[in-house]
Amino acid sequence: MTLNRKNSATPGMRQALALPIELEEGAPPLYAQSALAIVTGLVFALMVWANVATLREVSVAHGNIETSEAIHHVAHLEGGIIDSISVSRGAVVEKGDELVLLRKESVDNNYSRNAARRADLQLRAIRYAAEADGVTPDFSEFARDWPGLVAEHKSTFQTTTAKHKISMTTHLARASAMKAEVAGAKSSVLEKAEQLKLAEEQLEIQKKLVGDGFTSKQQFLTAKSAVLAARGALAKAKSLEERALSDLQSAENEIEKFDAELRAIALERRAEVVAELTELEKSYNVSADREDRLTIRAPIDGVINAINVSGNGQVVRPGEIVLDIVPTNATLIANVRVNPDDIGYISIGQRAEITVSAFDKKKYGVINGKISYISADAARDEKTGETYFQVHIGFSGNDAMENALVKKISPGMKASSKIITGSKSMLVYMIKPIASSLDGAFSEK
């Protein structure tokens, strides 16, 4: 029976038995072919996208918002008691503006005493100089601040000048009298000289008459005696003239001497005053400097970042920081700490995105910046023992400053940054783990 079945198989049946089962059952359905084509297309498209699409490589670092220049801490040397505070946090100030005023009672009053003494000495120096030069002193420079002292020195100058005038008037009167006496003596000399001339002429006439016998010898002797008397009178008149001239010279010398003595006394007193003033200047400058420091002024142009005193009546200790000022020309930066493993991928000028923890990233977005500084060596955090490189990210460009977030942030806020170190395609990211595993596997012993 078995044999009969073998013999009954046809050649067509034998050929069908030799074909695969799938072909034996017929061609695959159309939907299967379509699904296979779609899957193949998607895989191919995914591979193309993975090769074309790129992903950023970033290094994440955290830190704080700071200023590019150091914040100026305004302190007071001696300390004192707050009288008033003239500024508030956020106020824009210029160099020299008043910030805080301390009470004068908190320091000694040496400045007031030294200032008054200094003004008095300066006024005395001006007065003595005017007395020496014979002019009216100019106290206008001190009239506003020291009207009482100015009035006192004006009165003293007028009194001294009046006394000098009285003494000078006496000397001038004596000189005037001497001048009148000299004038009288000169007139007398001229008169006696004329009389002598007439007597000599008469003597000559009598001499001729006696010789001719026209007159007696007695008349001749009388004429001769008159000449002798006239000569005596002229000599006496000249003597009186010389005495008058001498007295006049003496009177004029007295005037010059008196004037010179007054000038010498004034100059001597002025020299003493100047010496005293020079000695006083040292202590005055010290007290004036201390008085000036009662007003704490802005050392630079900037913005008040913090006020560390509460207000009127608070005691400021010597050297205590009263205010913090951010320089006007300082820009904000993000000072972040970068892991030493990432520092090799970071360089000056690389772009970075900054987010501030105090503000919602979805609302304000990120701040675009660039690396402006990388520390030359790593530092270690003493608390955590963490090693890091200090990196500054600046965001002073126009794009950054237009960001609403930049206008709101201030130094001290926490910041996070993503430093863009490069980019890779999706395909490289997917292949890299496999390639790394294979590289490690085929390199083992």
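Values for this structure:
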quantity: Set S396, S375, S410, S347: member being more than 36 Å from the chain's Cα centre (by Cα) and either polar (S, T, N, Q) or at pLDDT 90 or above (or both); calculated: S347
quantity: Any hit, the stretch 170-185, residues being closer than 17 Å to R243 by Cα and β-branched (V, I, T); calculated: yes
quantity: Qualifying residue in the stretch 234-245 (condition: outside any helix (DSSP H, G or I), without any contact (Cβ under 8 Å) to a residue 60 or more places away in the chain and among the hydrophobic types (A, V, I, L, M, F, W, C)); calculated: no
quantity: Positions within the stretch 154-176 being in contact (Cβ under 8 Å) with a residue 12 or more places away in the chain and among the hydrophobic types (A, V, I, L, M, F, W, C), in sequence order; calculated: F157, M168, L172, A175
quantity: Unmet requirement for T387, which otherwise passes all of (1) at positive phi; (2) touching a Pro at 6+ places or on another chain (Cβ under 6 Å); calculated: (1)
quantity: Which numbered condition E268 fails, given (1) surrounded by fewer than 16 Cβ atoms within 10 Å (Cβ to Cβ); (2) farther than 30 Å from R127 by Cβ; (3) acidic (D, E); (4) more than 27 Å from the chain's Cα centre (by Cα); calculated: (2)
quantity: So G344, is it without any contact (Cβ under 8 Å) to a residue 40 or more places away in the chain, surrounded by fewer than 17 Cβ atoms within 10 Å (Cβ to Cβ) and not in a strand (DSSP E or B); calculated: yes
quantity: Residue within the stretch 65-80 that is more than 26 Å from the chain's Cα centre (by Cα), within 23 Å of G302 (Cβ to Cβ), modelled with pLDDT of 85 or more and not in a helix (DSSP H, G or I) present; calculated: yes
quantity: Conditions (1) under 29 Å from Q390 (Cα atoms); (2) part of a loop (DSSP other than H, G, I, E, B); number of the one not met by L323; calculated: (2)
quantity: Unmet criterion (only one of (1) exposed (fewer than 14 other Cβ atoms within 10 Å of the Cβ); (2) over 33 Å from the mean Cα position of the chain (by Cα); (3) in contact (Cβ under 8 Å) with a residue 12 or more places away in the chain) for N312; calculated: (2)
quantity: Among the candidates A115, A151, A130, A91, residue that is of a type in the set (A, V, I, L, M), surrounded by 12 or more Cβ atoms within 10 Å (Cβ to Cβ) and free of Cβ contacts under 8 Å to residues at least 24 places away in the same chain; calculated: A151
quantity: Residues of the stretch 180-229 that turn out to be part of a helix (DSSP H, G or I), hydroxyl-bearing (S, T, Y) and surrounded by fewer than 18 Cβ atoms within 10 Å (Cβ to Cβ), as a count; calculated: 3
quantity: Which numbered condition L240 misses (of (1) surrounded by 16 or more Cβ atoms within 10 Å (Cβ to Cβ); (2) modelled with pLDDT under 80; (3) among the hydrophobic types (A, V, I, L, M, F, W, C)); calculated: (2)
quantity: Qualifying positions in the stretch 108-138 - aliphatic (A, V, I, L, M) and either touching a Lys or Arg at 6+ places or on another chain (Cβ under 6 Å) or closer than 14 Å to A298 by Cα (or both); calculated: A125, A129, A132
quantity: Test: residue in the stretch 359-369 that is in a strand (DSSP E or B) and buried (at least 17 other Cβ atoms within 10 Å of the Cβ); calculated: yes
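The values are calculated or read from the model by the stated rules, or taken from the named source; none is laboratory data. Small disclaimer: the values here were computed from a predicted structure and weren't measured. All Cβ positions, even for glycine, are placed from backbone atoms using ideal geometry, and neighbour counts span all protein chains on display.
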